[in-house]
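One structure is given here, and the rest of the page talks about it.
Values in this text are rule-based calculations from the coordinates and carry no lab data. Small disclaimer: the values here were computed from a predicted structure and weren't measured. Cβ placement follows ideal geometry from the backbone for every residue including glycine, while neighbour counts extend to all protein chains displayed.
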Amino acid sequence: MSIWGRIGDFVSRMSNSATSGVADVVEAVRTVFAGDPQLRRQVAFSVAMIALSAKMAKADGIVTQDEIRAFQQIFSVPSSETRNVARLYDLAKADVAGFETYAARMAALCGSGAPDCAILEDILDGLFHIAKADGVLHEREALYLRRVADIFRIGENHYRVIMARHLDLGQADPYTVLGIDRKRPFDEVRRRYRKLVGDNHPDRLIARGLPAEFIAIATRRLAAINIAYETIERAQRVS
């Protein structure tokens, strides 16, 4: 069964309970899928992307067509499950609880609560993709993403690496994307690049909890890593 079918079953079960907000949904993910950690991570990731996207849209105040298209690029939802996804999205938008509360509960689902949890990076990556879809990262969106990263315990350097995959940070951009100092020798840059490619292979991301239906996040990340390396490599040849 696809992740959307799982979420459909989950939403149907939740509709028969006294669900008052996304906090209840998160707790239900924890309990309903307690016996299957891999499936729990996949459902938790999917619910987090839907709910935090809705919260970001509410924080920004404006939902553009570009953002809707970006949302659809990540969420390839079959028509039979559109209503269930819409229900979760609307629940998150209407919930009186702030996004900080939900993000904190989401971070707790990561497991040990250690900094720089990989699946939380995947969620932040997806949120960046949606936020910058209209070509501009608005101030409220930037504040929202920064706060989510803080709650996820994603450190400043790691946050800049994620941000650099989506925004132009100027001359240092390719090196920032690879997370390496521009003064390092090219052999080290190459080794770093190869490690990132291995760490971010779609199969590796799926193994840690990224649902196959969200593989667009992995492919876009790899594209940014490849472009950054190729930019540095060309500069090396010229020099």
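The table for this structure:
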read-out: Label-point separation in nm, R83 to D36, each point 7 Å along Cα→Cβ; value: 2.3
read-out: Label point distance in nm, R184-R204, each placed 7 Å from Cα along Cα→Cβ; value: 1.4
read-out: FRET E, pair T101, V136, Förster distance 45 Å, beta-carbon r, rounded to 0.05; value: 0.95
read-out: Loop-located trypsin sites (Lys or Arg not before Pro) in segment 125-197, at most 14 other Cβ atoms within 10 Å (DSSP); value: R182, K183
read-out: Per-residue Cβ neighbour rank within 10 angstrom, fewest leading, D90, D150, D95; value: D90, D150, D95
read-out: Cα-based reach from K183 at 19 Å (exclusive), listing lysines while leaving out same-chain residues under 8 positions away; value: K195
read-out: Exposure proxy order (Cβ contacts within 10 Å, fewest to most) of V47, V136, V161, V177; value: V136, V161, V47, V177
read-out: Per-residue Cβ neighbour rank within 10 angstrom, fewest leading, S79, S2, S46; value: S79, S2, S46
